[in-house]
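J.: Mind having a look at this structure? Questions to follow.
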Amino acid sequence: MSGAADQELAERARKLFAGPIEFLKSAPELQFLPDPTVPEIAFAGRSNVGKSSLLNALTNRNGLARTSNTPGRTQELNFFDVGHPLQLRLVDMPGYGFAEAPKDLVRRWRYLMNDYLRGRAALKRALVLVDSRHGLKEVDREMMTMLDDAAVGYHIVLTKGDKVKASAFGAIYEATMIEAAKHPAAHPAIFTTSSETGSGIAELRTAIVDAATA
């Protein structure tokens with residue numbers, strides 16, 4: 001893609017995310033999913049990775065996705081409509097790796113995510129959010145393997161980039177790149193974001209629109 005085309009895509013993404021965005025519905029089971037009429041981009045991550053904060057930063061809205069001091073609050077697939085007319089949907093997937101969640105609830109989340117990933121033709125890309133302060137955990141690798149098995153392409157997004165010293169961040173970024181290279185569905189481009197400073201948000205918006213329109 002040329003520089004002019006890159007700029008055009010970035011501006012299209014900026015305008016889209018500055019426009020109408022609203023919560024559509026929550027789906028506790030597959031039968032409640034909306035009709036797959038537009039491209040979907042799914043957000044996956046551990047329960048305290050800052051997923052809701054990132055969704056709010058991407059959409060320039062403080063309360064679009066609920067943030068909570070209680071990790072694991074998202075227990076359903078939450079769909080958000082982007083654009084009017086509708087252009088794409090953001091899908092907030094249940095947070096994983098929440099140690100205090102009941103085992104049967106964790107199992108239900110896993111089945112829901114697995115069934116959604118394997119059977120959703122509208123799903124164009126997933127974003128696997130990883131806390132920059134801690135790097136990849138085993139539960140993140142499990143999620144990546146689930147996406148590999150479902151043949152769903154994904155980007156790794158390092159969140160809370162402002163919380164890590166540059167000297168420490170380099171090693172985490174390199175380790176993440178090495179791990180991503182082992183996974184067939186992982187895209188080589190890794191994004192670093194901060195919901196507080198806005199760093200990396202515009203680039204991630206552009207990648208979302210690019211994936212949705214590819």
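The values are calculated or read from the model by the stated rules, or taken from the named source; none is laboratory data. Please read all numbers here as calculations on a predicted model, not as lab measurements. Backbone-built Cβ (ideal geometry, glycine too); neighbour counts: all protein chains shown. The area values use the complete protein model at the heavy-atom level, side chains included, leaving out ligands, DNA and RNA. Shrake-Rupley method; radii C 1.70, N 1.55, O 1.52, S 1.80 Å.
J.: Please go through segment 131-181 and give me each residue that is part of a strand (DSSP E or B) and of a type outside the set (Asp, Glu), ordered by number.
T.: 154, 155, 156, 157, 158, 159
J.: Further question: Considering each residue of segment 130-159, count those that are open to solvent by less than 50 Å² (accessible area, probe 1.4 Å) and either over 15 Å from residue 180 (Cβ atoms) or not hydroxyl-bearing (Ser, Thr, Tyr) (or both), and give that number.
T.: Summing the residues that are open to solvent by less than 50 Å² (accessible area, probe 1.4 Å) and either over 15 Å from residue 180 (Cβ atoms) or not hydroxyl-bearing (Ser, Thr, Tyr) (or both) in segment 130-159 gives 19.
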